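J.: Handing you this structure, nothing more for now.
All of the numbers you see were taken from the coordinates with simple rules; none came from a lab. Predicted model, so just to flag it, every value in this text is computed and none were measured. Cβ coordinates were reconstructed from backbone atoms using ideal geometry, including for glycine residues, and neighbour counts include every protein chain displayed.
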Amino acid sequence: MIVEGVNIIKRHTRPSQKHPQGGITQKEAPIQVSNVMLIDPKAGEPTRLGVQVIEEAEGKKKRMRYGKKSGEIIIS
């Protein structure tokens, strides 16, 4: 998973027809999904997730994710 502005690496490139100057270029590299946290809608900060089972009409049960910091349900 690539996250914007995180895990920026530098690559040394040789001169070529595409890049006649060569040099050092910066690009974003992927990180593990387990290292990514969702933003809590109430606090506006990264938070861990929990799962709640909510009963809807007609006796149906639905699993919803919620932020551990505020308890708000996170819709993604």
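J.: Please compute, over every Cα-Cα pair in the chain, the percentage with a separation greater than 15 angstrom.
T.: Values: 1995 of 2850 pairs.
Tail of the P(r) past 15 Å holds 70 percent of the pairs.
J.: Related question: Which order do the peptides 35-43, 55-63 take when ranked by the mean count of other beta-carbon atoms within 10 Å per residue, highest first?
T.: 35-43, 55-63
J.: Okay, moving on. What's the extension gain from residue 72 to residue 19 if we count 0.36 nm per residue and subtract their Cα-Cα distance? Present the calculation step by step, with values, prior to reporting the outcome.
T.: Numbers: separation 53, 0.36 × 53 = 19.08 nm, distance 4.91 nm.
Computed gain between residue 72 and residue 19 is 14.2 nm.
J.: Could you calculate the contour length gain from residue 63 to residue 48, that is, 0.36 nm times the residue separation minus the distance between their Cα atoms, to one decimal place in nm?
T.: On the way: separation 15, 0.36 × 15 = 5.40 nm, distance 1.61 nm.
So the chain would gain 3.8 nm between residue 63 and residue 48.
J.: Here's another thing I want to ask about it. I'd like the Karplus ³J(HN,Hα) series for the stretch 57-72: coefficients 6.51, -1.76, 1.60, θ = phi - 60°, whole numbers in Hz, and an x wherever there's a Gly or Pro.
T.: 4, 6, x, 7, 10, 9, 8, 10, 8, 9, x, 5, 5, 10, x, 6
J.: Given the Cα-Cα distance of residue 39 and residue 55 and 0.36 nm per residue of separation, how much length would full extension add, in nm?
T.: Numbers: separation 16, 0.36 × 16 = 5.76 nm, distance 2.51 nm.
Length gained between residue 39 and residue 55: 3.2 nm.
J.: If amide hydrogens are placed 1.01 Å from N in the peptide plane, which non-local residues have theirs closer than 5 Å to the one on residue 47?
T.: 38, 40
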